[in-house]
Structures are given as C-alpha cells and as structure tokens.
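To start, the structure itself, in structure tokens.
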Amino acid sequence: MNNEQPKNPLHGKTLEAVVTELVAHYGWEGLGSRVEIRCFTHDPSVKSSLKFLRKVPWAREKVESQYLTMQGAKNPWGTGSA
C-alpha cells in the first residue's frame, strides 16, 4: 500500500517544497506572470504565499498545475517516449 500514487509527481511533496522549487526555477516575477496571483506579484514571500494557498483551493490548483508543467519541461517522462 506504500505505492498508492507511484506516478503522481506531487506525491510526498509539500506545498512549501512546490512553491520553493517554482521560485527557484522561475523567480518571483516569472512565477507571477505564469500564475497571476497577487501573493506572487506584490511583496512576495514563501510564508505569505503558503498562507494564501492553503486557504484558497483554486489558487493551490493553479500552482500545482504550474509545478507539473515545469516538471514536464525538465523531465518529459509523461510524453510516452522512452
């Protein structure tokens, strides 16, 4: 039962890790242009972003979607080519 989500790239990732990786990859400005949420464009910080994203499900979904897009660009394992 330990492998309930073996192909889910978000499995085992905290929201903090997701946001931190996105910021490291895109920077705050780049992340804010891809995911247009005020917490990324006006005085951004990981702490304030996490506070907002934990309260607002649609915003968290957008961030997780952007993370998956970034992962696909870095490692296109999901394209079907091996």
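Laboratory data are not the source of any read-out in this text; all were calculated from the coordinates shown. Please read these numbers as outputs of a predicted model, since none were measured by experiment. Don't worry about glycine lacking a Cβ; one is built from the backbone with ideal geometry, like all the others, and counts go over all protein chains shown.
Each residue of the stretch 9-19 was assigned a 3J(HN,Hα) from its phi angle through the Karplus expression (A = 6.51, B = -1.76, C = 1.60, θ = phi - 60°), giving x, 8, 4, x, 8, 7, 4, 4, 5, 4, 5 Hz with x at Gly and Pro. Counting only Cβ charges, +1 for Lys and Arg and -1 for Asp and Glu, the dipole size of the stretch 1-65 around its Cα centre is about 180 debye. In terms of Cα atoms, the Rg and Dmax of the stretch 15-73 work out to 10.0, 28 Å. A cut-off of 5 Å between modelled amide H atoms, ignoring neighbours fewer than 5 places along the same chain, links Ile37 with no other residue. Identify the GluC sites (Glu not before Pro) of the stretch 23-72 meeting these criteria: DSSP loop state and at most 16 other C-beta atoms within 10 Å of the C-beta. Within the stretch 23-72, the qualifying GluC sites (Glu not before Pro) (loop, at most 16 other Cβ atoms within 10 Å) are Glu36.
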